[in-house]
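Asks: Can you read through this structure? Questions will come right after.
The values are calculated or read from the model by the stated rules, or taken from the named source; none is laboratory data. Remember, it's a predicted structure, so these values are computed and weren't measured experimentally. In this analysis, Cβ positions are derived from the backbone assuming ideal geometry, glycine residues included, and neighbour counts consider all displayed protein chains.
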Amino acid sequence: MKILQMHVDFVEYTPIKKEIRGAEEIEPRTVREDDIVVLFTAVEKGDDEALAKEAVAETSGFLSKLGTKRVMIYPFAHLSQDLAAPSEALPVLLDMEKEAKAAGLEVERAPFGWTKALQIKVKGHPLAEMSRSFTHSAKHEVVAKAKTKRELSDAEALSRLRRSDFANLPETDHRIIGERQDLFSFQEVSPGMVYWHDKGLKLRNILVDFLRTELAARGYVEVSTPSLANTALWRVSGHSDHYRDNMFLTTLGDEEMGLKPMNCPSTFLIYKSRKWSFRELPVRYSIFDPLYRNELSGVASGLFRVKSLTQDDAHIICTEEQAEAELMGMLDLMEKVYGVFKLEYKVKISTRPDESMGSEEEWKRATDTLVRAVKKKGWKYEVKEKEGNFYAPKIDVDIKDSLGREWQCGTFQLDLQMPKRFKLSYTGPDGKDHTPVVLHRTILGSLERFVGVMLEHYKGALPVWLSPVQVRVIPLSDEHREYGGKVLESLLKSGLRAEGDFASGTIGAKIRNAQLLKIPYMLVVGKKEEDSKSVAVRTRAGEQTFGVSVDDFASRVKAEVSAFN
């Protein structure tokens with residue numbers, strides 16, 4: 001059995017049509033539940049009532065940590081390739097429902113065997129998304145391994161989508177856009193991890209370079225740390241108690257090692273490698289290392305749910321007196337970055353959870369600092385009680401895309417606990433050691449997910465500054481290829497991201513292809529352009545300008561890029 005459990009602000013679904021013969025008989029209606037834990041559940045071969053009981057028992061413990069008793073069981077076959085037959089799966093789901101009610105939970109169950117239109121908004125706290133895998137016996141596990149059973153990879157899911165549901169995906173879906181524009185793919189050998197193609201990597205790197213420029217201007221220094229470390233590192237931070245099930249663990253000799261799921265513990269080790277004076281604070285670290293989180297990747301969720309991700313991560317180590325000013329600087333940066341993408345956003349402040357480190361007084365000081373900073377910005381905010389991290393309160397920021405959907409991206413935490421656990425220090429004016437505080441922050445969040453959001457936000461037509469290919473040179477015929485090559489060379493030397501379409505084919509087909517790929521500009525060159533040493537400029541919207549010099553065109557595009565950032 002595979003379960004992906006999510007603590008959500010709301011979940012809403014509408015049954016559309018029966019997917020299998022064994023589907024339940026229901027009267028289709030839209031169902032919405034607020035503030036509930038959803039169990040996306042795939043029942044596998046060999047699963048039985050005993051396993052259903054085990055899964056519900058673990059879920060009950062999870063719910064008690066969250067202080068809720070509300071749960072929805074949602075059949076979600078795409079989490080597994082070793083599915084039980086429908087006649088065997090439905091009884092297990094009914095057993096789960098029965099066991100959950102017996103445990104005193106308030107239970108909803110989505111209908112089995114139906115295609116459903118689904119909307120969901122996941123909460124921002126660290127326990128909001130957890131994956132679980134259950135096997136009913138050691139024998140079943142051995143058989144499963146012999147069959148090389150594994151969770152459904154995004155590559156396989158995409159293949160399934162092409163066979164059935166692909167036609168139902170909107171043209172604005174980032175999976176459609178990514179495939180059409182040759183940006184990325186998913187491969188079976190690395191389930192839930194992105195294979196960036198050249199254009200997709202350019203897009204990702206453009207985002208990173210944009211952020212690096214902004215951070216350098218604000219006094220950040222960029223660092224990098226190893227992906228693999230002894231798990232003692234996360235025992236010190238406390239993540240081992242709260243996040244172990246979602247870590248990739250291995251052994252090196254007799255040492256237990258883990259791929260890092262977050263950057264802060266290893267960044268602290270860099271700070272500890274030397275002594276610091278109060279005169280040198282704040283220290284602003286940025287880091288763009290890959291992180292690894294062993295979570296179910298789900299049904300072809302593409303870039304929205306991956307096991308390997310990169311964050312625009314930063315940690316500012318400073319005195320507590322400096323914290324508010326540093327936080328204001330972070331919020332100013334966020335405001336500028338979101339403004340570049342023309343994104344609306346709303347702010348939430350998440351307070352101390354039941355299971356947390358530190359004293360009530362420390363949490364109050366930290367939370368009050370966050371509230372003051374948000375009020376100074378003049379922003380309205382919502383308080384999310386008990387949804388802070390186990391070590392710090394935080395500001396969470398949801399962005400709204402052009403389709404009206406909200407995505408939690410930015411997060412800002414004021415941490416008084418990790419510095420003590422890692423024995424961070426600086427020498428104060430009195431010559432004695434003092435403990436700093438740490439501000440953790442991301443603005444875009446996962447770069448993978450942000451790329452997916454932007455592809456859908458712009459419907460594939462990325463602004464020229466963000467486009468991996470800004471211009472394509474298209475000769476009218478083979479006899480104009482040489483001149484087209486010279487135009488392309490000039491564009492590349494000017495710093496534009498350009499390519500040429502010098503293959504055989506009609507000019508109409510080449511223009512349609514470039515428009516389909518949402519390339520901002522096409523430069524068509526023929527005899528007239530070659531004689532006048534000019535180009536005919538065509539936008540992806542179909543606007544045309546003739547007789548433009550290559551230098552003038554390059555200057556125009558550079559000015560357009562500068563206007564964005």
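Asks: For V221, which of the numbered conditions (1) assigned by TED's automatic domain parsing to the domain that holds Y338; (2) among the β-branched types (V, I, T); (3) under 25 Å from V451 (Cβ atoms) fails to hold?
Replies: Only one criterion is unmet by V221, namely (3).
Asks: Give the number of residues within the stretch 68-97 that are in contact with a Lys or Arg (Cβ under 9 Å, 6 or more places away or on another chain), more than 23 Å from E295 (Cα to Cα) and not aliphatic (A, V, I, L, M). Working first, answer last.
Replies: Let us first name the residues in the stretch 68-97 that are in contact with a Lys or Arg (Cβ under 9 Å, 6 or more places away or on another chain), namely 72-76, 78-86, 88, 93-97.
Going one step further and asking which of them are more than 23 Å from E295 (Cα to Cα), we end up with 85-86, 88, 94-95, 97.
With the extra rule that they be not aliphatic (A, V, I, L, M), the set shrinks to 86, 88, 95, 97.
Number satisfying all stated conditions: 4.
Asks: Is one or more of the residues making up the stretch 268-279 closer than 19 Å to Y292 by Cα, of a type in the set (S, T, Y) and surrounded by 12 or more Cβ atoms within 10 Å (Cβ to Cβ)?
Replies: No, because not a single residue in the stretch 268-279 is closer than 19 Å to Y292 by Cα, of a type in the set (S, T, Y) and surrounded by 12 or more Cβ atoms within 10 Å (Cβ to Cβ).
Asks: Also, I was wondering about something else. Quick test of your reading of the structure: V92 fulfils all but one of (1) part of a strand (DSSP E or B); (2) farther than 17 Å from R21 by Cα. Name the failing condition by number.
Replies: (1)
Asks: In contact (Cβ under 8 Å) with a residue 60 or more places away in the chain, aliphatic (A, V, I, L, M) and part of a helix (DSSP H, G or I): is that true of V56 in this structure? Before you say what the answer is, go through the steps one by one.
Replies: Details: in contact (Cβ under 8 Å) with a residue 60 or more places away in the chain: no; aliphatic (A, V, I, L, M): yes; part of a helix (DSSP H, G or I): yes.
No: the conditions fail for V56.
Asks: While we're here: Condition first: among the aliphatic types (A, V, I, L, M) and surrounded by 15 or more Cβ atoms within 10 Å (Cβ to Cβ). Now tell me which residues in the stretch 377-395 satisfy that. Before you say what the answer is, go through the steps one by one.
Replies: If we filter the stretch 377-395 for residues that are among the aliphatic types (A, V, I, L, M), which is where we start, we get 383, 392, 395.
Hits for the stretch 377-395 are A392, I395.
Asks: Same structure again: What are the pairs, 6+ residues apart or on separate chains, where a residue within the stretch 66-80 that is at pLDDT 80 or above and hydroxyl-bearing (S, T, Y) has its Cβ under 6 Å from a residue that is surrounded by 20 or more Cβ atoms within 10 Å (Cβ to Cβ) and outside any strand (DSSP E or B)?
Replies: Y74/A110
Asks: Another question, if that's okay. Check every one of the helices (runs of 4 or more DSSP H) wholly within the stretch 445-562 and list those with 1 or more residues that are touching a residue at least 60 places away in the same chain (Cβ under 8 Å) and surrounded by 19 or more Cβ atoms within 10 Å (Cβ to Cβ).
Replies: Qualifying helices (runs of 4 or more DSSP H): 447-457, 481-493.
Asks: Pull out all pairs, ordered by first then second residue, where Cβ-Cβ is under 7 Å, the residues are six or more apart or on different chains, the first lies in the stretch 271-283 and is within 21 Å of A216 (Cβ to Cβ) and assigned by TED's automatic domain parsing to the domain that holds K423, and the second is assigned to a loop (DSSP other than H, G, I, E, B) and among the aliphatic types (A, V, I, L, M).
Replies: Filtered contacts from the stretch 271-283: Y271/L424.
Asks: Oh, and also: Among the residues of the stretch 404-417, count how many are farther than 15 Å from K346 by Cα and part of a loop (DSSP other than H, G, I, E, B). Don't jump to the end; show me each part of the working.
Replies: Of all residues in the stretch 404-417, those farther than 15 Å from K346 by Cα come to 413-417.
From the residues that got through so far, the ones that are part of a loop (DSSP other than H, G, I, E, B) too are 416-417.
The total comes to 2.
Asks: Is the stretch 248-256 home to any residue that is in contact with a His (Cβ under 7 Å, 6 or more places away or on another chain) and closer than 26 Å to G445 by Cβ?
Replies: From the stretch 248-256, those in contact with a His (Cβ under 7 Å, 6 or more places away or on another chain) are none; that's our starting set.
No, the stretch 248-256 contains no residue that is in contact with a His (Cβ under 7 Å, 6 or more places away or on another chain) and closer than 26 Å to G445 by Cβ.
Asks: What strands (runs of 3 or more DSSP E) completely inside the stretch 297-403 contain at least 3 residues that are in contact (Cβ under 8 Å) with a residue 40 or more places away in the chain and more than 26 Å from S425 (Cα to Cα)?
Replies: On the way: elements: 308-310, 313-318, 344-350, 381-384, 394-400.
Because the criterion is at least 3 residues that are in contact (Cβ under 8 Å) with a residue 40 or more places away in the chain and more than 26 Å from S425 (Cα to Cα), the strands (runs of 3 or more DSSP E) in the stretch 297-403 that meet it are 308-310, 344-350, 394-400.
Asks: With respect to A167, is the statement that it is at pLDDT below 80, assigned to a helix (DSSP H, G or I) and surrounded by fewer than 16 Cβ atoms within 10 Å (Cβ to Cβ) true?
Replies: On the way: at pLDDT below 80: yes; assigned to a helix (DSSP H, G or I): yes; surrounded by fewer than 16 Cβ atoms within 10 Å (Cβ to Cβ): yes.
Considered against the rule, which asks whether it is at pLDDT below 80, assigned to a helix (DSSP H, G or I) and surrounded by fewer than 16 Cβ atoms within 10 Å (Cβ to Cβ), A167 comes out as yes.
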